[in-house]
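The values are calculated or read from the model by the stated rules, or taken from the named source; none is laboratory data. Just so it is clear, the structure is predicted and the values come from calculations on it, not from any experiment. Every residue, glycine among them, receives a Cβ derived from its backbone with ideal geometry; neighbour counts consider all protein chains shown. Quick note on the areas: whole protein, heavy atoms, side chains included, nothing else; ligands and nucleic acids left out. Shrake-Rupley method; radii C 1.70, N 1.55, O 1.52, S 1.80 Å.
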Amino acid sequence: MQQHQLCILGSTGSIGESTLDIVRRHPERFTVISMSANSRVENMLAQCIEFKPQYVVMGCQETATKLSTLLVENGIANIDVSYGEQALCDIASSDQVDTVMAAIVGSSGLMPTLSAVKTGKRVLLANKESLVTSGQIFIDAVKASGAKLLPIDSEHNAIFQCLPEFEQHRPGECQLADNGISKILLTGSGGPFRTKPVSELADVTPEQAVAHPNWDMGKKISVDSATMMNKGLEFIEAKWLFNVEPSQIQVVLHPQSTIHSMVQYKDGSVIAQMGNPDMRTPIAHAMAYPERIDAGVEPLDFFNTKPFEFEAVDFERYPNLKLAIDACSQGQAACTALNAANEIAVEAFLNYQIKFTDIFRINELSVQQFVSQQVTTIDDVISLDANVRVYAKDQLAKLMESE
Ligand code: NDP
Ligand code: MG
């Protein structure tokens, strides 16, 4: 049995909580050395009491001070509490940990995840945004350090499980075409508005958008699932993780979310990974890899499951997915710009500032504006990300004035 010393970035989130549930079930395998949160101090306090990490990083000085006070009040004196990006990078790269769960949402996860990669950790990658925003730079860092990248996103974890063993060991370096693989079939449920008339999409509320039919997730990724931007980000993520051309990835709508993705081979075989939609399955798979452990997930009951359906994607309903697929071929600037604009637009939608369909307008304008920029270093990524955010906020203000 392998034992792992964990750093959990984003422990108070949906993925973070599921990760801690796996730790709770297997205390003999996993020790939590460090955890991070942004704002949820009370949740972090409860996690500290239960998992007794040595280090905690919060989003800012105020929340760090608040947590420190609460820890003392609860008789806990031996946790080192700090805050900010450098502290996140420090816990992610510490010699005391061998495995880092990268589960911060958005591009705030980029630098800490890269820090774990550069120090050769086993990196359990939930934060797809870091790979989308920095693509080749991220993969080059993985190759240079020998870090092990294990996908947490259920689709990529499924694809990983459907690959031959020798390919599984080299995400980012696979030569799929040379090994009999013709296509990656990326499945997606289509979210809560798959059957809603397109003409009514402008009026959907944030509450309706975050109510995903099959998965229980954080708010940002839930909105991304409703627009299918999530599938677009996953398309770009798959290109980098599995070293494939965009033409080798096909999105397939599968409303039941039972098949989590598939790999099609040249001889006609299609290998699928299935299971009930519960993130603890891919999380447990990656945490214990190459061993298998109980994740507390009910096995599929084939005699009481809904019939499997498959559909092609309607890009009129999901224009954000088309934008992301196109960005994947246009290059890094388009992908980085799309991700940054989308973070701004989704936040504005969640704050009732813009309509659901305006997310696409902001995203499209931002990609057009920045598509031809050069992005070759991590500094280029960071400065482009910042510039896109300023531009997207300007476009937002104009939209809000005109509506
Ligand atoms: P949540 O919103 O539930 O959690 C996000 C975590 O990140 C929280 O711990 C939050 O802290 C922390 N955080 C937020 N903003 C910052 C910031 N600026 N700096 C540092 N930490 C921050 O998100 P999810 O768990 O749903 O998603 C996490 C990642 O995993 C995303 O990249 C998502 O795309 C990916 N993913 C999620 C899946 C899911 O099922 N949820 C499936 C596949 C991928 P706090 O709570 O204290 O504010
Ligand atoms: Mg996914």
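Couple of notes before you dig in:
- Tallying residues that are closer than 18 Å to Val123 by Cα, of a type in the set (A, V, I, L, M) and touching a Ser or Thr at 6+ places or on another chain (Cβ under 6 Å) within the stretch 77-91 yields 2.
- Of all residues in the stretch 132-155, those that are near ligand 1 (Cβ under 10 Å from one of its atoms) and closer than 16 Å to Lys239 by Cβ total 4.
- Restricted to the stretch 1-12, and to residues there that are surrounded by fewer than 24 Cβ atoms within 10 Å (Cβ to Cβ) and modelled with pLDDT of 95 or more, the residue that is nearest to ligand 1 (Cβ to nearest atom) is Thr12.
- Of the residues Tyr352, Tyr318, Tyr289, the single one that is modelled with pLDDT of 95 or more and out of contact with any helix residue (DSSP H, G or I) (no Cβ under 8 Å at 6 or more places or on another chain) is Tyr289.
- Of residues in the stretch 21-40 being within 14 Å of ligand 1 (Cβ to nearest atom) and surrounded by fewer than 20 Cβ atoms within 10 Å (Cβ to Cβ), the one farthest from Val72 (Cα to Cα): Asp21
Let's see how each residue does on (1) at pLDDT below 95; (2) among the charged types (D, E, K, R):
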{"residue": "Phe242", "(1), (2)": "yes, no"}
{"residue": "Glu245", "(1), (2)": "yes, yes"}
{"residue": "Thr258", "(1), (2)": "no, no"}
{"residue": "Ser261", "(1), (2)": "no, no"}
{"residue": "Met274", "(1), (2)": "no, no"}
{"residue": "Phe302", "(1), (2)": "yes, no"}
{"residue": "Phe308", "(1), (2)": "no, no"}
{"residue": "Val313", "(1), (2)": "no, no"}
{"residue": "Ala334", "(1), (2)": "no, no"}
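- Residue within the stretch 164-174 that is more than 16 Å from ligand 1 (Cβ to nearest atom), within 26 Å of Ala295 (Cα to Cα), open to solvent by 20 Å² or more (accessible area, probe 1.4 Å) and among the charged types (D, E, K, R) present: yes
- When residues in the stretch 165-203 are screened for being touching a residue at least 60 places away in the same chain (Cβ under 8 Å), part of a loop (DSSP other than H, G, I, E, B) and closer than 21 Å to Glu237 by Cα, 7 of them pass.
- Pairs are defined by a Cβ separation below 7 Å, a sequence spacing of at least 6 or placement on different chains, a first member in the stretch 266-283 that is in contact (Cβ under 8 Å) with a residue 12 or more places away in the chain, and a second member that is surrounded by fewer than 21 Cβ atoms within 10 Å (Cβ to Cβ) and part of a strand (DSSP E or B); the pairs so defined are Lys266/Ser182; Val270/Gln264; Ala272/Ile259; Met274/Ile259.
- Residue in the stretch 108-128 that is farther than 21 Å from Leu20 by Cα and of a type in the set (D, E, K, R) present: yes
- Set side by side, the residues Ala87, Ala102, Ala141 differ, and just one is small (Gly, Ala, Ser), closer than 27 Å to Arg280 by Cβ and either open to solvent by less than 10 Å² (accessible area, probe 1.4 Å) or away from ligand 2 (no atom under 16 Å from the Cβ) (or both), which is Ala102.
- Residue match in the stretch 195-213 (condition: away from ligand 1 (no atom under 16 Å from the Cβ) and among the basic types (Lys, Arg)): yes
- Residue identified as open to solvent by less than 40 Å² (accessible area, probe 1.4 Å), away from ligand 2 (no atom under 16 Å from the Cβ) and touching a strand residue (DSSP E or B) at 6+ places or on another chain (Cβ under 9 Å) among Leu114, Leu45, Leu110, Leu67: Leu67
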